[in-house]
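Undergrad: After the structure tokens below, expect a handful of questions from me.
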Amino acid sequence: MKIIEGFEKARLALTRQSRKDMPDDDREKTVRQIINDVRRRGDAALLDYTEKFDGVRLASLEVDKKDIDRAYNETDKGLLAALELAAERINAYHAEQKKALLHESTASHLGWLIRPLERIGVYTPGSQAPLPSSLLMTVVPARVAGVKEIILATPPRKSGSVSPVTLSAARIADVDRVFSISGAQAVAALAYGTESVPAVDKVCGPGSVYTTLAKKMVFGDVGIDGLYGPSEVVIIADETAKAEYIAADLLAQVEHGSLPSAILITTSRQVAGAVNQEIEKQLEALERRDITAGSLEKRGMIALVNNVNQGIELANLYAPEHLCLVVEDAAAYIDKVENAGCLFVGENAIEVLVDYVAGPSHVLPTEGTARFGSPLNILDFVKLISLVQTDEKDIVDLGKAASVIARAEGLYAHARAVEKRLRDNARGGG
């Protein structure tokens, strides 16, 4: 990987470019046409797009529950055990989160109610390879939050069936219904409904650029969890870091393809050189070495800085999806981290564990959105309702101020609505 020396050069390299001036392209036009077509023609459009993009003509969009059970029973028992362990840990993590974050307040005059969403749609990619982990990371938190119905959309294979691993994960996560639909057309079906697919309140899950554009376009008619781009990792390392571990973690990230970024920020020139050597060595043994090497060439970087604090400042600027602190006394730097989707503290906090089985959702903010965004979590699947139970005393104490502000805004009906109560209260008190 290329090496950049010095804080200022690294800062320039890690400053993300604004996307506001990017021109519309043909992909946006294509996605808009697909959404409008699904809204207009429903199931017929979905079947046509499945044949066009996935190469298969389906007899039915919905996967029969018998097929889901059959897939589960035929899946390798070791894999099922691993998926079930992952589901248990994701459930436990988000149950703790629910306990800590979700508390109704109804005892006082002003409070709030917490209500789970009625129905969500989850999109799980699978055109290149099944991603049961992404399914679990989205569906399980929704279940813990209390969502009443969960609809899954996932691409069919050339044979016409959905990956049995995906179906097994769907059964483990207790998905209600599964539909064999891919990409932008799946998002459109979930957002607006068709003859077969029920409309949902929120569309969740990562996907291709077409899926992401579709989520962006339907937002407002339905909720979305976020817009997810290529995966990314920043590792901050000092002279105590093991080069072979750092290289392995960087390679694991860029194995995704689709232009992920892998960035090492280090205080040690020796570690920088050793990591580069280890990457070349470990690449030779990888099954996806061409994809991985290409990603490193385009978006791989090593930055040399003077100290760990400079590294953290650069990481806060970049706001990465994954941030790993592989430095001496790593926990001492936690409070300095401001922007990251997930923070890994110490050499043994392995990103791959979070990808699959640690517990937190691996659906994380990317492309700098960790500046304002959060990992997928319990709060994505509930809504708050403000609760107001004000009484006559509150009207007396607050009504005059409300009236004054309303008249200043030229909203006289607002003012009169409270003034009537104030007059009635004054007459009752006199």
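Undergrad: Condition check: farther than 17 Å from Ala188 by Cα, in the same structural domain as Leu136 (by TED's automatic domain parsing) and free of Cβ contacts under 8 Å to residues at least 12 places away in the same chain. Does Asn73 satisfy that?
TA: Yes; evaluated as a whole, the condition is true for this residue.
Undergrad: To continue, here is another question. Out of segment 258-294, which residues are of a type outside the set (Val, Ile, Thr), buried (at least 16 other Cβ atoms within 10 Å of the Cβ) and not in a loop (DSSP other than H, G, I, E, B)? So that I can check it myself, show each step before the final result.
TA: First, pick out the residues of segment 258-294 that are of a type outside the set (Val, Ile, Thr): 258-262, 264, 268-270, 272-274, 276-278, 280-290, 293-294.
This time we only want the ones that are buried (at least 16 other Cβ atoms within 10 Å of the Cβ), so: 260-262, 264, 268, 272, 274, 276, 278, 282-283, 293.
Of everything in segment 258-294, those that are of a type outside the set (Val, Ile, Thr), buried (at least 16 other Cβ atoms within 10 Å of the Cβ) and not in a loop (DSSP other than H, G, I, E, B) turn out to be Ser261, Ala262, Leu264, Ala272, Ala274, Asn276, Glu278, Gln282, Leu283, Ala293.
Undergrad: Tally the residues that are touching a residue at least 24 places away in the same chain (Cβ under 8 Å) and farther than 12 Å from Arg171 by Cβ, restricting the search to segment 76-89.
TA: Summing the residues that are touching a residue at least 24 places away in the same chain (Cβ under 8 Å) and farther than 12 Å from Arg171 by Cβ in segment 76-89 gives 5.
Residue-by-condition table, conditions (1) surrounded by 18 or more Cβ atoms within 10 Å (Cβ to Cβ); (2) outside any loop (DSSP other than H, G, I, E, B); (3) free of Cβ contacts under 8 Å to residues at least 60 places away in the same chain:
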site	(1), (2), (3)
Gln310	yes, yes, no
Ala315	yes, yes, no
Cys324	yes, yes, no
Glu328	no, no, no
Ile334	no, yes, yes
Ala349	no, no, yes
Ala358	yes, no, no
Ser361	yes, no, no
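Undergrad: Among the residues of segment 83-139, which ones are closer than 18 Å to Thr211 by Cα, among the small types (Gly, Ala, Ser) and either touching a Ser or Thr at 6+ places or on another chain (Cβ under 8 Å) or not assigned by TED's automatic domain parsing to the domain that holds Gln185 (or both)?
TA: Gly126, Ser127, Ser134
Undergrad: Among the strands (runs of 3 or more DSSP E) lying completely within segment 81-165, list those that include at least 2 residues that are in contact with a Gly (Cβ under 6 Å, 6 or more places away or on another chain).
TA: Output list reads 119-123, 149-154.
Undergrad: Can I ask one more? Only one residue in Arg41, Arg27, Arg70 is modelled with pLDDT of 95 or more, of a type outside the set (A, V, I, L, M, F, W, C) and farther than 29 Å from Asp174 by Cβ, so which one is that?
TA: When all the criteria are applied, what remains is Arg41.
The values are calculated or read from the model by the stated rules, or taken from the named source; none is laboratory data. Just so we're clear, the structure is a prediction, and the values are computed from it rather than from any experiment. With ideal geometry, Cβ positions are generated from the backbone for all residues, glycine too; neighbour counts draw on all protein chains shown.
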